[in-house]
Amino acid sequence: MKAIRHIRNVFSALLASGFLAYGGAALAQTAAPAVPRIRATIEKITGNKIEVVAKGGKKMTLTLAPDAGIFGVTQGTTADIKSDSFIGTAAVAQADGTLKALEVTVFPSGMKAGEGHYPWDLGRNSTMTNGTVSKLVVSRGRILTVTYPNGEKKIVVPNDVPIVNLEKGDRSLLISGAHAVFFMSKLADGAQVAAHVSVGRNGLVPPM
C-alpha cells in the first residue's frame, strides 16, 4: 500500500508540474523534465510488467505505474498545426536564432503539458519547446511563433518533418509490436516505473 501511495504521489507531482495537465494553463517548466525517456518496441505485457526492446537493441522489463497516463500517437500533417494549437516540438538551433523542428506533436484541445523550453535527447544539442502557437506563417512548410510562460520561440517546420497528434488512450494500446516512448519516474526505493507512455498507433513510431 505504501508503494502504491508513493506512485500516486509521484503521478500527482507530474500532474502538478504540468507534465500531464488537462484543462487550464499548466505551470511553466523552464528546466529539462526530471524523468528519463525510454524509446522501445513492446514485446510482451504481463500485468504491470512490460517487456520491451529499447532503441539500440537492449531488452528490458519495465514496470507500469498503476495510475500511468497512456496516450495514443497518430499520424498528422502540417494542416494539423493551427493558430492556438498547443504543441511540443523537438528542435535544433539555427544560425539565425530560429529553431528547426525535428518533429512536432499536436496536443488535443484542452491539454497542456510541460510548458517551456528545455534540453531534450533526440539528438545532439536538441531542445523541446512546449507551448501555444501564437503566430503561424505558411511558407515552404510552417513558421511558428510558440509562446509559453515568460518566453517564446520562432520555429521553422519543414514540409518533411514528422508531425503527429496526441490523444488520450488506455492500456489496450499496449500491444506486442507497438512502438512507444516510456517516461520513467524513480520511487523512493530506487525502482523506476513508467508514469506516462506515448504509444504509436497502427505501427507508427513516436518521433518525440
*Quick check, is residue 136 in contact (Cβ under 8 Å) with a residue 60 or more places away in the chain and either open to solvent by less than 50 Å² (accessible area, probe 1.4 Å) or not small (Gly, Ala, Ser) (or both)?*
no
*Inside the stretch 149-167, can you point out the residues that are part of a strand (DSSP E or B) and within 21 Å of residue 78 (Cα to Cα)?*
152, 153, 154, 155, 156, 157, 163, 164, 165, 166, 167
*Starting from the stretch 38-58, take each residue that is assigned to a loop (DSSP other than H, G, I, E, B) and list its partners that are loosely packed, with under 15 Cβ neighbours inside 10 Å, counting only C-beta distances under 9 angstrom and pairs at least six apart or across chains.*
48/66
*Pick out the one residue from 202, 159 that is open to solvent by 30 Å² or more (accessible area, probe 1.4 Å), touching a Gly at 6+ places or on another chain (Cβ under 9 Å) and modelled with pLDDT under 95.*
159
*Among what's in the stretch 74-85 and is under 18 Å from the mean Cα position of the chain (by Cα) and over 15 Å from residue 101 (Cβ atoms), pick the residue that is least open to solvent (accessible area, probe 1.4 Å).*
74
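Does any residue of the stretch 168-176 turn out to be open to solvent by less than 50 Å² (accessible area, probe 1.4 Å), more than 30 Å from residue 47 (Cβ to Cβ) and not in a loop (DSSP other than H, G, I, E, B)?
No, the stretch 168-176 contains no residue that is open to solvent by less than 50 Å² (accessible area, probe 1.4 Å), more than 30 Å from residue 47 (Cβ to Cβ) and not in a loop (DSSP other than H, G, I, E, B).
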*In this structure, is residue 88 in a strand (DSSP E or B), in contact with a His (Cβ under 6 Å, 6 or more places away or on another chain) and within 23 Å of residue 167 (Cβ to Cβ)?*
no
*Of 101, 90, 113, 68, which residue is buried (at least 17 other Cβ atoms within 10 Å of the Cβ), under 17 Å from the mean Cα position of the chain (by Cα), in contact (Cβ under 8 Å) with a residue 12 or more places away in the chain and farther than 30 Å from residue 44 by Cα?*
101
*Any residue at all in the stretch 178-192 that is outside any strand (DSSP E or B) and either at pLDDT 95 or above or in contact with an Asp or Glu (Cβ under 6 Å, 6 or more places away or on another chain) (or both)?*
yes
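The values are calculated or read from the model by the stated rules, or taken from the named source; none is laboratory data. Owing to the predicted nature of the structure, the values given are computational and were not obtained by experimental measurement. Cβ atoms come from the backbone with ideal geometry, glycine included; neighbour counts cover every protein chain shown. The protein model used for the area step is the full one, side chains on, heavy atoms only, and it has no ligands, DNA or RNA in it. Shrake-Rupley method; radii C 1.70, N 1.55, O 1.52, S 1.80 Å.
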